[in-house]
Every structure is written in structure tokens, then in C-alpha cells.
Amino acid sequence: MNFQPSQTGDTLAVIRQKMEKNTLIKLKTFHGTLKPTNKVKIGENYWRLIGEKGIVVEIADFNPEKILVIFEKNLDDFDLVNHNPIKNSLYIDKKDLDLY
């Protein structure tokens, strides 16, 4: 594949393809923004995790654009709702992540 730097969409597609199991990532945004656009409950303010690192566990079977990430830090320390199959994990849109 031959990509030009101006082909931002293509570059993002390549990055998203590399987000596979055991890939180290960093949360850069949540729902595409740096902060909530509406008032959110403390337990749902996942924007507080921006900048945090984690590891890709799996691609979501219900949506190929979401991946299950287990974060290095304890989500309970952030007072965040955490009800996914693995403690300290969240399903995150690939577009909200950077490779670390």
C-alpha cells in the first residue's frame, strides 16, 4: 500500500487495522471529544480517562469499530461504572484511540 500524508482517512484506516489483540493503546478522546458535550454523571465521565494507557483485549463481536480495552489503572479509582466482562475494561471506539 502506498499512502500520501494528505490521505488522513487512509492513514487512520491503517492505524485501526493495527489495533489487534495485545496492542498497547492510549485514549485520546471519548465519543470523539476531549470533554463531555452535555452534563454527565460522575460514574459516566469516561473523558477522565483521556491520556490513560491500556491493552486491546478483543474486537467487539457486536461492532467491529469498537474494541475491548483493559486499562492499566483501576477504573474504580476514577469512580467510573465498570460492568464489562473483565475488570478495568471498557468497549471503546477505535477512532478514540492512538497506538502507544
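Name the residue that is surrounded by the most Cβ atoms within 10 Å (Cβ to Cβ), counting only residues in the range 84-100 that are closer than 19 Å to N63 by Cα and of a type in the set (S, T, N, Q).
S89
Kindly establish whether L97 is out of contact with any Ser or Thr (no Cβ under 6 Å at 6 or more places or on another chain), within 17 Å of M19 (Cα to Cα) and in contact (Cβ under 8 Å) with a residue 60 or more places away in the chain.
yes
Here is a check on your reading of the model: is I86 closer than 23 Å to Y100 by Cα, outside any strand (DSSP E or B) and touching a strand residue (DSSP E or B) at 6+ places or on another chain (Cβ under 7 Å)?
yes
Are there any pairs, at least 6 apart or on different chains, whose C-beta atoms fall under 8 Å, with the first in the range 68-87 and free of Cβ contacts under 8 Å to residues at least 12 places away in the same chain and the second surrounded by 13 or more Cβ atoms within 10 Å (Cβ to Cβ) and among the small types (G, A, S), and if so, which?
Sorted first by the residue in the range 68-87, then by its partner, the pairs are N82/S89.
Could you please find all residues in the range 1-56 being of a type in the set (F, W, Y) and at pLDDT below 95?
Residue satisfying the conditions is F3 alone.
Sort out which residues of the range 30-67 are touching a residue at least 40 places away in the same chain (Cβ under 8 Å) and either at positive phi or touching a His at 6+ places or on another chain (Cβ under 9 Å) (or both), and write them in order of number.
H31, G32, Y46
For the range 42-83: of the residues being in contact with a helix residue (DSSP H, G or I) (Cβ under 8 Å, 6 or more places away or on another chain) and assigned to a strand (DSSP E or B), which is surrounded by the most Cβ atoms within 10 Å (Cβ to Cβ)?
Only one residue fits best here, namely I67.
Which of the residues belonging to the range 19-41 are loosely packed, with under 11 Cβ neighbours inside 10 Å and of a type in the set (A, V, I, L, M, F, W, C)?
L34
The values are calculated or read from the model by the stated rules, or taken from the named source; none is laboratory data. Quick caveat, the model's predicted, so the values are computed rather than measured. Reconstructed Cβ throughout: ideal geometry from the backbone, glycine too, with neighbour counts over all protein chains shown.
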